[in-house]
Amino acid sequence: MKTDTFWRHATLWPALVLFALLTILPLIKLLALSFHDVEWINREAVWDWVGLANYARLPQDNLLRAGALNTLIFAVVAVALQMLIGFILALLTTRVVRGRVFYRTVFILPILVPGIIIGAIWKLMYSYDFGVLNSLLLWLGLAPQDWLGNPDLALLSVIVVDVWHWTPFCFLLLLAGLESLPDDIFEAAKIDGASRWQQLRHITLPLMLPTIAVTFVFRMILAFKVFDEIYLLTGGGPGTSTEVISFTIYRRFFTEDQTGYGAAMSIAVIAVIAAGIIAATRATAGKGAKA
Amino acid sequence: MTYQSRMTATLAASALALSASLAAAEEAPITIVINQSPWFPGFQAVVEAYEDETGNTVELDVNPFAGSLEKQRTAVRADESPFDILIMNAGFFVEFYTGGFIAPLQEIDASFELSDDIYTFDDSTCWNAEAKTITCDGGDLLSVPVNPNVLILHYRQDLYDEAGLSVPKTWDELYENAKTLQTDRRYGISQRGQRGTFDVTYDVFPYIWSHGGGIVDQQDDGSFQVSINSEGTLAGMETYLKLANDVGHPSTAGQTQTNVIQNMATGRAAHINSVPAPGLFDDESKSMVVGQVAYAPPPGTAEIPSATPLGHWLAGVPKNISDDNKQAALAFLSWFQTDAAQRAYAEAGSMPVSRAVLESEMADQPEYRWMKAMAEALPNARLTFTFPEATQVLAITELRLNQAIGGEMPLKEALNTAAEEITKVMQDAGYDIPAPELLQ
Amino acid sequence: MTHATDTHTALTAPRRRRFTASERQVSVIRHLVLMSFALVVLFPFFWIVSAAFKTQIDLLMGKVLFTPNLDGFLDVIFDKTSDFARNFANSMVIGLISTFLVLVIATLAAFSLYRLQWPAWVLHSLLGWSVIFHMVPPITLAGAWFTMFRSVGLDNSYTGIILAHTTLHLPMALWMMGVFVRDVPKELVEAAQIDGAKVPQILWHVVLPIVRPGLAATGILTFIFSWNEFPVVLVLSQRQTATVPLGIGKYAQENTIAFTEMAAASTLSILPAFLLLLFAQRFIVRGLTSGAVK
């Protein structure tokens, strides 16, 4: 089979060039930066070589530790809840005919709204003194809660916002998956006398696995990068209870202007992610169904 | 900004414009980088008046507060800055001075002087590059103040009258007053304890200073000393916590300045310490307490009177712009410090930086009643951080103080931890600072 | 779980059969559940739209009954510093152009990788890197982008932001378009090649018709993500190039959050998406879901 070499290259190069220029090149720059401390004297950037000192500081950084842990908790709990609620709702609604246009319009809406607006809306709804939620609690005769100010509650409150924001998305994907399953399998199972639970356990779930996996991966990636919502909701506080990794990097690199240290942090995060992905790929490699 | 207050601002601006003849543009168009804030509308009105009066063009690049510092930083580090005037905050201006980014104003025009009426705010307008100190004595004039943000005490005049209270001079008196006015639906005081860029740290300064404490103090010889773990700071923080726990908001650790101002505006707080947003509480569309908020300098202790932290804003001209733009920037700043401009600024709802205006007959009018408190507080106002690593130190204090207030960490431990962390930052930055003596 | 399994009863039931009482009951419960979910989703929207018509103090006092006013909208649209119209136009320009670029580059690359016999290591390293980059918080690279763009005069330019957004969303597009391109039968491509068709012709006549739904799906997602993106534009843009999320973020001020203006700006920025939804709903749903299910 003769393939036109020119076109083979011409079709791939745009992506390669973009990745090289905008991801590899900055990464090399970050790497170089991570071995230095930068100071500005007389309008000149002075780079001091510090070797691995910036990396050595990472394990002691309490913000980074909290950020990494919270990011993990946030991503896992939020996505798990979204998948679970989304799946239950999807099971409930397959083949709803009446009102489907309405429902779907409603469920797409949150996805279209910038995270920054979501943050603003919920910040007011969570307000201790004026928020809708506390008004509701008072009306029910319950004690108002300090949703965003209580260190024990803040991360959970942030997770709830994310669940509100993204469950509809999971629901839509999972519903589409359910509706694409062939009817005849269920017919056959029913004739064989499979209970409803057995049908779910042995037919629906296995068949849905690819859709579930895609939805899960899609959401995990976004959850891991969370920034905008928290930016307005809590700014990482109280204490470090809602500090997430994007925030720690933003703070160290930009606000505090510790560019060398911030670069080391970025490189470390990228390295951990890369290692994680490679490990995950290895682990699932045998199971086929590679994307 | 409501429609109404915008109308007022526009009127004030056009009145000013009418008083002068329309002139053709003499200066190059300039761009000012500024952050969105409650005093911004007033600044905008003054800029419009300047444009009308002189025919010059001034573009305003308005940013969210959080991104403003980063914007300015990248601008001055570029080959050519897109901004001709930087509006720098008191917490961060030293970084720009130290880095050599700001053009001495008298190098642009040797005849330029800061008007005697304009506050220098602890000499923060000047910088001695050789000694690396903030001083007008042997230092170059680098900036013109544009806004005098300091914390002042806001209290409810109507409630004071009802209960027959007098304005507190000490924290103990404030505590008693707050206790008297506290009800189920009203907090005695609402404090800003949230962790942010410069939130809780700013809020605790009056408490710790008036107890003889501090965070990082500059000595007379220019060296620095970490004082966040001093007995004075501890005593100040204990006072802060006592107010928070007994008569304060149940969620002090979760309150931003926004919340604090909202609590006052909605009648939920009897006292707040806040930078004045004068127009806000007298605006019916924003406040339930129109005409009822009164102002005073923050309290102190019997030994040390009130001391309020400077959170003011300074306008500097970056070095990396063309000479024409520097001239144009200076022309605006010269004009800005005139009495007429400062009055227009106040009339448009912002706080002027002119002593003459703050102490003028304007201060007797009810709508400008905050002026007297300002004029009284400013002589005792102090700079908070006078070294370029302020942002790193703030990251520490914001977290540790917030943890102490939220009960996540015992107070002494929080102060000791902060002291150790700050010492580390300062030592790494090359300062000769001894290890802190921890509180027992 | 009983409801869940009831689903399959409904699934297997012949469509024309009349509903039994129990089935009708199930249907009612189903709608109740969906309706409550819809209300939970909708509530914040009702709330923010009503907030846009309130004064700040009515909003803070949590008033349910209030005199609607348009100050928020007037400020957002007409105030000299508001820039909302410009932000809106910027978001459109940046979103549309970067979406177009992403679609072209991703489709070409996916086709090249899966149908033009690249060695396996090329495929794996490119896709591997793409996934890794996609997982990395964009903020890690935003600083480096800023310095790079500035050194070539692209700071505060549409080009810079468009390039950044194109790169940011390329991994997702590459992944989605890869799924669709693999639907194109190898034999079809090979047959066309034997017939002497050049790659551009194959792309146009063979690939494009098959991946068109994929393009729609990927395009919609890319546009939405670009429209909503905040941290990167926060770093890269200035007033002239600021987008809608940045314009809205500006109402979170130093001392107060201008909630009325923020709500008004939010309402205005949701409006086009909402209209689009009303008219092209089916299309968007298919777009959104086809990536996962096809």
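The values are calculated or read from the model by the stated rules, or taken from the named source; none is laboratory data. Keep in mind that what you see is a predicted model, and the values were worked out from it rather than measured. Here Cβ is always computed from backbone atoms with ideal geometry, including for glycine, and neighbour counts include all displayed protein chains. These accessible areas exclude ligands, DNA and RNA; they are computed on the full protein's heavy atoms, side chains included. Shrake-Rupley method; radii C 1.70, N 1.55, O 1.52, S 1.80 Å.
Under a 5 Å amide H cut-off, with hydrogens placed 1.01 Å from N, B:THR31 pairs with B:GLU59, B:ASP84, B:ILE85 among residues at least 5 apart or on other chains. Express in whole angstrom the spacing between the alpha-carbon centres of segment A:186-205 and segment B:329-397. When both Cα centres are located, 75 Å separates them. A dipole drawn for the protein assembly as shown from +1 and -1 charges on Cβ atoms has a positive end, and of B:THR308, A:LEU112, C:TRP121 the residue lying farthest that way is C:TRP121.
When both segment C:109-188 and segment C:206-251 are represented by their alpha-carbon centers, they are found 15 Å apart. Considering only C:VAL26, C:VAL64, C:VAL244, the mean-square fluctuation computed in a Gaussian network model of chain C, springs between alpha carbons under 10 angstrom, is largest for C:VAL26. Computed with a 1.4 Å probe on the full set of protein chains, the accessible area for C:PHE46 sits at about 120 Å². Per residue of peptide C:55-66, the mean number of Cβ atoms on other chains within 10 Å of the residue Cβ is 5.
Of the DSSP H helices in chain C, those with a Cα length along their own long axis of 15 Å or more and a mean Kyte-Doolittle hydropathy reaching 0.0 comprise C:21-52, C:84-115, C:120-135, C:139-151, C:158-181, C:208-228, C:259-290. Relative to the Cα centre, the charge distribution of the protein assembly as shown, modelled as +1 at Lys and Arg Cβ and -1 at Asp and Glu Cβ, gives a dipole magnitude of about 6980 debye. Relative to the longest principal axis of the Cα atoms of chain A, helix A:5-19 runs at roughly 70 degrees. Among C:SER91, C:SER226, C:SER27, the residue with the largest mean-square fluctuation in a Gaussian network model of chain C, with springs joining Cα atoms closer than 10 Å, is C:SER27. Distance between the pseudo-spin-label points of B:SER223 and B:ASP137 (7 Å out from Cα toward the beta carbon): 2.0 nm.
Under 5 Å from the amide H of B:ILE118 lie the amide H atoms of B:ARG355, each residue being 5 or more positions distant or on a separate chain, with H modelled from the backbone and absent for Pro and chain starts. Given the options A:GLY86, A:GLY119, A:GLY193, which has the most mean-square fluctuation in a GNM of chain A, springs set between C-alpha atoms less than 10 angstrom apart? Of the options given, A:GLY193 has the highest mean-square fluctuation.
When only Cα pairs below 8 angstrom with a gap of at least 6 residues are kept, segment C:82-290 shows a relative contact order of 34 percent.
In the protein assembly as shown, the calculated helix contribution to ellipticity at 222 nm averages -18000 deg cm²/dmol per residue, counting -39,500 (n - 2.57) for every DSSP H run with n ≥ 4. Remark: segment A:69-77, residue by residue, has Karplus-estimated 3J(HN,Hα) of 5, 5, 4, 5, 4, 4, 5, 5, 5 Hz, where x stands for each Gly or Pro and the curve is 6.51 cos²θ - 1.76 cosθ + 1.60 at θ = phi - 60°. How high is the FRET efficiency between C:GLN281 and C:GLU187 when r is their beta carbon distance and R₀ equals 41 Å, given to the nearest 0.05? Result of the calculation: an efficiency of 0.65.
Output the relative contact order of segment A:70-242, whole-number percent, from Cα pairs under 8 angstrom with separation of 6+ residues. Dividing the mean separation by the residue count of segment A:70-242 yields 40 percent. Quick one: work out the % antiparallel among DSSP beta bridges in chain B, nearest 5. The answer is about 70 percent antiparallel.
Rolled with a 1.4 Å probe across the full set of protein chains, the surface gives C:ARG182 an accessible area near 80 Å². Between 0 and 90 degrees, the angle of helix A:259-285 with respect to the longest Cα principal axis of chain A falls at about 40 degrees. Between the beta carbons of C:VAL28 and C:LEU65, assuming R0 = 41 Å, the FRET efficiency works out to 0.80 to the nearest 0.05.
Sorted largest first by accessible area at a 1.4 angstrom probe radius, with every protein chain in place, the residues A:CYS170, B:CYS136 fall in the order B:CYS136, A:CYS170. Figure note: B:ASP61, B:ASP428, B:ASP52 ranked by solvent-accessible area, largest first, 1.4 Å probe, ligands and nucleic acids not counted: B:ASP428, B:ASP52, B:ASP61. Here the label points at A:ARG65 and C:SER36, each 7 Å from Cα along the C-beta direction, are separated by 4.2 nm in the simple model. Candidates C:VAL189, C:LEU174, C:MET262 compared by Cα position along the dipole of chain C: farthest toward the positive end lies C:VAL189, with charges placed on Cβ.
Counted residue by residue at 0.36 nm each, then reduced by the alpha carbon distance between them, the extension gain from B:GLN440 to B:GLN427 reaches 2.4 nm. Between B:PHE112 and B:GLU26, the modelled labels are 1.5 nm apart [label points 7 Å from Cα along Cα→Cβ]. Annotation: extensible slack from A:ASP152 through A:ILE24 equals 42.1 nm (criterion: 0.36 nm per residue apart, minus Cα-Cα distance).
Backbone amide hydrogens, once placed in the peptide plane, bring B:ASN63 within less than 5 Å of B:ILE34, B:ASN35, B:GLN36, excluding anything fewer than 5 places away on its chain.
The alpha carbon centroids of segment C:41-67 and segment B:197-255 are separated by 37 Å.
Surface composition of segment C:82-290: carbon plus sulfur atoms contribute 71% of the solvent-accessible area (1.4 Å probe, protein chains only, all chains present).
Per the accessible-area calculation with a 1.4 Å probe, the total area buried between chain C and chain A rounds to 9900 Å². Between B:GLU173 and B:GLU303, the FRET efficiency from the beta-carbon distance, with R0 = 22 Å, is close to 0.95. Entry note, chain B: relative contact order of 24 percent, from Cα contacts under 8 Å with a spacing of 6+ residues.
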